[in-house]
Every structure is written in structure tokens, then in C-alpha cells.
Amino acid sequence: MSPVDSIHEPALARFARQLHTLLGLRTALRWAAWWLLALGVVVLVARMLGPFDLLLLWIGLIGLVPLTLTAGFVEWQRRPSLAAVRAAFDRYNHCGGLVMAAAQTDTSAWSESGATAQLPPLRWDSRRTLGLFAAAALFLAGTLLIPDRFASLSAAQPLDIGKQAEELRAQIQGLEDEKILKEEKAVEWKQDLAKVGKEASGTDPAKTWEALDHLKQSAGDLARQAAEEAIAKTAQLAKAEALGQTTGLLPEKSEALAGKLMQELAALINAAKLDEGLFKGQIPPELLEAAKKGALDPAQLKELLRQLQMNKQQLADALQHLNELKLIDPAKLGECKKAGQCPNPEGLAAFLAEQGENPESLAELMEMLGNGGVNRGPGAAPMTWQDPSSEDGARFKEQVLPVKPNLKDSQLSGVSRSTPEVNKGNSPGVTGALSGSAAGGGSAQAQLLLPRHKSAVQRYFKRETTLPPPTK
Amino acid sequence: MTDSTLLRPDELRPATELTQKILAQLDRALLGRTELHRLVLVGILARGHILLEGLPGLGKTALVKTIGRILQLEFKRVQFTPDLMPGDVLGSHILQETTAGKRELIFQPGPIFTNILLADEINRASPKTQSAMLETMQEGAVTLLGVTRPVPQPFFVLASQNPIELEGTYPLPEAQLDRFLFRLLVNSVNADVLHGIISDRRRGELPEPDWQLSRDQLKSLFRLMDRIFLATAVARYIARLVAATHRGANEATETVNKYITYGASPRAAIAIAEAARAHALIAGRPTVGFEDVKAVAPSVLNHRLILNYQARFDQMDTTKLTADLLARLDETGLKLPADVRLEDIKA
């Protein structure tokens, strides 16, 4: 290496590196800009065609890494020759060809010349490239931020029922946990719910809402049925508990009365059907058997009372759970609590002791005890104001009113520009997607006919009917 | 055989001093022509012929005479006129009687057998006469009646032509123009120079040079010229520059494509390289740089470009075209993108 080389070679190498780096950065930025633009277009098209998967975006962004490396490699491949770099260095420093000649011949005799050579400053007007890159990045961000209602042009617009589906899934799980719903049925309902969520389409939301309402109603019916049963069982348990406590409070000489009370208790236990229905009791079988036969010793009676209280509490807890899941009306919960209240056993015991051994019906006494009413002495007379009406010829259909919605859990579906109309009539408020549908079913949406539907209606009535002509 | 090693400073310095002395003598003789003198010396060191173009009375003849005196070279002048015949320039055979009483054709050399030939108003002679000098300018020899006679070396033709009063003139053919290394434009001088001329010169007589270059010194300058190093990148630049004068070439500029019918010949590239070497020698550098090429290229190219009619309409001449080409063509060949550039050259 000649002395001139030794002076200029490090600077030349540094200058070449700067040049290559700058060109590589420039190319990488330009390629990245075009890549982001293309990615934005892909994202936009994907969002227009259907649901957008974020994975696509991540793959696109990760693709920037190999793209940058490729840009660097390509720029390295077509980097300016060292001779050209030397020429630029020579030209900038007015070396008069010495730096260029150093690559070909010995220039050591001229080492003093060009000793103060400097690196030629590189200038890159990056405004256009950076502008393009920024525009591409903004475009990509814009394609991600466009609301679905503007971005989605496909026939199958997605319908977000996530919140409703999640709530319904929790209800089904709750019913399954409480053993109200069988496991296989729960699995079937969950599959149905997943299918509804998958097929939810904004172009035909009524179908989705109808399916959701069907599942919700099925779950609600089952829950209400269970609640009714729980209330009935709770009432029976409360009576049994009262009788059991009354038996324990009777004077010692009232064996006969105690035996009669035990028979009544056995009748109540049998009527409660604790081992049947949606809520099966958890009383040990031998104790339950003894209670049904009316052959309980004091210890068993005490244990039975404990078990009755525990079962009553379990029923109350189950109803509380159902209420939390919004499957039953809070009133049902109150009803259950009321049913579970134990009548005054001390009063009943005193009354029975006073009445002696011939009470007509202990159960009726217990119904009356503590409930107020006209005191007509022993026995109650039904109060009848007129003859009972006949239900012949009248059809009644039981309809369970929907649970009053909690507004704090409501979801904004849209904002209307028009002034909301106040219903001045006294018609009851209707809720749910099935509101307004025909009684016979078939449609879950109440369509309001507008003037623009006139032609469609006319076409409907002008169609050729396939019905047979009326017979005379 | 040329020495391929780079000139050492101690070798180059005396030569540079000699060239500076020549220039000093020229500047002393003719006032206000520094750049012209430098280019003329470049042409001589490059052993090229020079076409001086300018109005009468600007000192063209005086310049050539002064050079002859400084270089101590034989100098002859031919005033070209329409009736000038080739024999008047080259020489002719004359029938003479020998001492033995026989008669034979004796060659009588013409004025071209000299070191420096001043062809004054060369465009006034007929093409036949102008072309008579072609062989001599290129080969350094005269062939008459099958006999080739070399002219003395070094041999230079310094021609002058008047750009006005073109009636009755014969513009030089392209082939002959191409043989001139330079076409130098001799422009008017300013008032200060004129004041100096009339103050110092009685009847315009030129002062005698107080220093002259010996023939040996001239030969040594020619030898050193051969050792001025032309780097590959500079040679490439010269090649690209000449190629770019052709319409449709890769690096041809917009003005070239628009105005030029024919570009410069390979002889132009050779001329630029040689002239750039001489320019570097005068500047005291052992290697040719881009600045040397840029300094000599306009004078080399300005008479080798054939322009079209559009150029005349747009008042475009070869000087402007060459300047535009030099400004736009990147010397280094870095081929940087349009938005990336090197900072301006360090002052």
C-alpha cells in the first residue's frame, strides 16, 4: 500500500460506508413505504370482504424486516464502484487525480498533497421518501381505524352479538351448575349458541336475534320452572320444619298429639317430594324413610330439622344464583324467602295443647297461623263473594312476562336522528327482538311499511295465486 | 517507450517552472490574454494544431510570432487567399539544369516545412489548398510525386480565421477541422488592457522576449508529458463525455439530443486526454484530474460538434452546448439517485 493510500484509505472506506448506508436506508424506506401501501390495500380489501384477522396485519408488519434486509442486500449489490468513490473523493478534495491514481500506481512521492482531505458531505433530499413513507403509514392506520360500517361492503356483514352470547352462555352454564339443565342438553345449547354466533349476519339480524331469543326463552322457562318448584318445595319444607319444631315444643303428656303431628309431618315430607324434580333433596335416605313413616325419635327429628333447614338454604341459594344470572324475576326470590319463613311454632304448640287431641287439620291450622284473617273460631270458612266464573269457552294462554331489563347493562345499537316518539297510550311497554311479531310466529321483526314499500306491496298482491278457486 | 512510474516532485517542478516562464513571456508580450496563452501552451505541449478564431487586429499573428521566438522554433507564415495553390504551401518540383547539363525536377520545399506554420485566414483559401495540409497535419509528412518528405519536428499549424466577412470564403471541411486540437476564440480586450497596450507599445511592436526555451528543454517537456498519469476514472470520464455528444447516447443531455446532428469523433477523446495531460503539467500535477479535463474540453469540442437548424433558431452554439454538457455530466460516475447528491466541491 502506498503512503497516499495509507492516508486516504480509511477515509475512503468511511465515505463508501456512509454512501452505502445512505443508499440502503433510502431504498429500504422507499420499499417499506410501498409495502405499507400494499398492506393497507390488503387490509382494506380484507375488511371489505369479511371479518378481519389481526394476524394478517402482524404478518405484514413482520414482513418489513426481511424487506429491509433485502433492500440492504440489493443496494449492496449495486453499490457504486470503489473507483467511482475514489473519483468523488478526489474531486471534492481537489486532489487532481492523485487519489484515483493511487489505486493504480505508487503515489508515495506525493504524500504531502491531499493530507488534509475531508470526507465529501452527502446530502439526501429525503422529503419525498419520508413523505411517501408517512403517507403509507397513515393510509395503513386509516384502513385499520375505519369503522366496520364503512369498511365492510360484503354481503355478509358481521353482527356483533358477543355480549348477548356471553350472557346466554353464562346462563346455560349456571343452569348446568345448578343441575337444572342436563349436561348433554347444556352441551347442545352451547353448540347452538356457537353456531348462532358464527352465522350472525348484519344483513339479516332478525334471524340471529330470533335464535338468540329462542335460546334465552328456553333457558328462562327452565329457570322459572325450577324457581316455581323451588318455591313450592321451600314452602313444604318450611311447613315441615314448623311441624317438626312444634312437635319438639309439645308438653310431655301429649304423646297422642305428638304422634298425630308426626303423621302430619310424614304427609308433608311425602308431599314435598324431596327426592324428585329439578331440585333433589339431600336428606339421608334412612332419615327420609323414617320421616315418611312418621317414626322419628327425638334425635332423628333434630337431625331432620337440620337437614330441612340446609335444603331450604340450598334452594334459596340456587334461586339467588338464577336471579344473579337474570334468569328469574327478583320477585321470585322474594317469594321464595317468604315461603321459607317458618310459622310461629311456639304459638302452634300452645294452640294445639289448648285444643287437645282433635284438631281437624294441622296443615290448615298452620296455613292460618300468623296470616291474619277473620277469626271464626276453630276452622276457617272460605269467603266467597259470588259464584265462581266458568272458564268454559275461554282459552287462556299462560304468558311469562319478560324480565324487566336493567338499563345499566344496555348496549348502544345506534342513534336516530329523528325525535323519539312518545307513546301516549297506556299500552304496555314491549321489549325484546320478538316484540311486535305476529302471534303465529314466522317473523321476529315488526316491519313498518313506508311509502317506498308501496310498489313491493302492490307486487305482492298482484302475484299469481296458486290457491284453488273457491268452491260454491 | 514511456516510463510508467509517476513523476516525482523534483522531476515535475523544473518542468512546471519552464511552462510558467513561457506563460510569463507570453503574458509580457501580449497583454490580457492569460487564459488564451495557457491554452495555446497546452496545445503546443500536446503537439496539437490550433485554430485561432477572432476579429482582425486582436493579436493572433503576434501571438504565433511570439511563441516561435520563445520556443526558438522556425516560424513561417502563409497568407491564405482564394488563388493560393497547394504547391504554394507544400512546395513544388522545379525543372533545373544540373551541373552535368541534364535537366531534372528538383523539389523546392514550401513554407509548410517549418516548425510553426501560421496559416493566416485559412478559410479564404480553396478547399483544395486547405486539404493539401491534411496529411502534414496528421502524419507530419508531405507526399509529392510519390515521395514522402517529413516536416521538421515539432510541427504545429496555428491557423487563424475571421468569423466575419464570410463572402468568398471556404469554411473548413469537417475532416480538416477535426485535425485541429483546439479552436480558440480570441476575444476583444477591455479598456485597461488597451490602455496598457498603447502606453507601453510604440506602433504595436512586440517586446523581445528576455528568456527563451531551448530545444532540449522543449524535448524534456515533451518527455515529461508522456509520464503525466491518466487515471482510469478520468479516462472513463473523457470517454463518457465524448460519447455523450452524440444524439441518443446513454448520457446525452436534452440539449444534445435536441441540437446536435453529429457528435465528436474518437480523435476528440484523444485530444482531450492529451490536452488534459498538458494542463496538469502546467498546473504542476503528476496526474490528470477532472478539472484539467473540464478546462480543455470546451476548446476541443467546440469545433467538432455539428449542430442542426433548430440550434440556429434557438441561437444555440457549441460553446453553450459544451458548457451545458460539462455541467450536467457527473464526472465521478457514481450514478447517485436524483435526491442524493454530494455537497458542492470544497472551495
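The values are calculated or read from the model by the stated rules, or taken from the named source; none is laboratory data. All of these numbers come straight from a predicted model, not from anything done at the bench. All Cβ positions, glycine included, derive from the backbone under ideal geometry; neighbour counts span all protein chains shown.
Looking at A:Val41, A:Val65, just one residue is in contact with a Ser or Thr (Cβ under 9 Å, 6 or more places away or on another chain), hydrophobic (A, V, I, L, M, F, W, C), at pLDDT 85 or above and more than 16 Å from A:Thr129 (Cα to Cα), and that residue is A:Val41.
Restricting attention to segment A:49-95, which residues are of a type in the set (Val, Ile, Thr) and in contact with a helix residue (DSSP H, G or I) (Cβ under 8 Å, 6 or more places away or on another chain)?
Step one: list which residues in segment A:49-95 are of a type in the set (Val, Ile, Thr), which gives A:59, A:62, A:65, A:68, A:70, A:74, A:85.
Once the filter is applied, which keeps residues that are of a type in the set (Val, Ile, Thr) and in contact with a helix residue (DSSP H, G or I) (Cβ under 8 Å, 6 or more places away or on another chain), segment A:49-95 yields A:Thr68, A:Thr70, A:Val74, A:Val85.
Would it be correct to say that B:Ala280 is away from chain A (no Cβ under 14 Å), touching a residue at least 24 places away in the same chain (Cβ under 8 Å), touching a helix residue (DSSP H, G or I) at 6+ places or on another chain (Cβ under 6 Å) and assigned to a helix (DSSP H, G or I)? No. Output yes when any residue across segment A:25-45 is of a type in the set (Gly, Ala, Ser) and under 30 Å from B:Leu6 (Cα atoms), and no when none is. No, there is no match, as no residue in segment A:25-45 is of a type in the set (Gly, Ala, Ser) and under 30 Å from B:Leu6 (Cα atoms). Looking at B:Asn308, B:Asn302, just one residue is over 30 Å from A:Gln104 (Cβ atoms), more than 14 Å from chain A (Cβ to nearest Cβ) and surrounded by 20 or more Cβ atoms within 10 Å (Cβ to Cβ), and that residue is B:Asn302.
Determine if segment B:305-324 includes at least one residue that is touching a Gly at 6+ places or on another chain (Cβ under 9 Å) and in a loop (DSSP other than H, G, I, E, B). Full working, then the answer.
Applying the first criterion (touching a Gly at 6+ places or on another chain (Cβ under 9 Å)) to segment B:305-324 yields B:305-306.
Okay, now just the ones that are also in a loop (DSSP other than H, G, I, E, B), so B:305.
Yes, segment B:305-324 has at least one match.
Considering the conditions (1) more than 14 Å from chain A (Cβ to nearest Cβ); (2) of a type in the set (Val, Ile, Thr); (3) crowded, with 16+ Cβ neighbours inside 10 Å, B:Val293 is excluded by exactly one of them, (1). Mind telling me which of the residues B:Ala269, B:Ala276 ends up being at pLDDT 90 or above, of a type in the set (A, V, I, L, M, F, W, C) and surrounded by fewer than 24 Cβ atoms within 10 Å (Cβ to Cβ)? On inspection, the qualifying residue turns out to be B:Ala269.
The single condition among (1) at pLDDT below 85; (2) part of a helix (DSSP H, G or I); (3) of a type in the set (A, V, I, L, M, F, W, C) that A:Leu175 does not meet is (1). Identify all residues within segment A:62-88 that are in a helix (DSSP H, G or I) and within 9 Å of chain B (Cβ to nearest Cβ); write none if there are none. Listed by number, the residues that qualify are A:Ala83, A:Ala84, A:Val85, A:Arg86, A:Ala87, A:Ala88.
Out of all the residues in segment B:33-59, which are in contact (Cβ under 8 Å) with a residue 12 or more places away in the chain and over 13 Å from the mean Cα position of the chain (by Cα)? Selection gives B:Arg33, B:Gly54, B:Leu55, B:Pro56, B:Leu58, B:Gly59. Each residue in segment B:170-227 was checked for being in a helix (DSSP H, G or I) and in contact with a Phe, Trp or Tyr (Cβ under 9 Å, 6 or more places away or on another chain), and 1 of them qualify.
For segment B:77-86, does any single residue satisfy the condition of being touching a Phe, Trp or Tyr at 6+ places or on another chain (Cβ under 7 Å) and more than 14 Å from chain A (Cβ to nearest Cβ)? For segment B:77-86, residues touching a Phe, Trp or Tyr at 6+ places or on another chain (Cβ under 7 Å) and more than 14 Å from chain A (Cβ to nearest Cβ): absent. Every condition in (1) more than 30 Å from A:Asp106 (Cα to Cα); (2) loosely packed, with under 14 Cβ neighbours inside 10 Å is met by B:His93 except one, and the failing one is (2).
Considering segment B:311-347, the residues that are of a type in the set (Val, Ile, Thr) and under 25 Å from the mean Cα position of the chain (by Cα) include one that is farthest from the other protein chains (Cβ to nearest Cβ), namely B:Thr318. Taking the listed residues B:Val142, B:Val157, the one that is touching a strand residue (DSSP E or B) at 6+ places or on another chain (Cβ under 6 Å) and within 20 Å of B:Arg304 (Cα to Cα) is B:Val157, with no other qualifying.
Consider B:Val293 carefully, then state whether it is in a helix (DSSP H, G or I), of a type in the set (A, V, I, L, M, F, W, C) and touching a Lys or Arg at 6+ places or on another chain (Cβ under 9 Å). For B:Val293, the condition - in a helix (DSSP H, G or I), of a type in the set (A, V, I, L, M, F, W, C) and touching a Lys or Arg at 6+ places or on another chain (Cβ under 9 Å) - is not met. Taking (1) within 14 Å of chain B (Cβ to nearest Cβ); (2) over 22 Å from A:Ala135 (Cβ atoms); (3) at pLDDT 85 or above in turn, A:Met100 satisfies each apart from (3).
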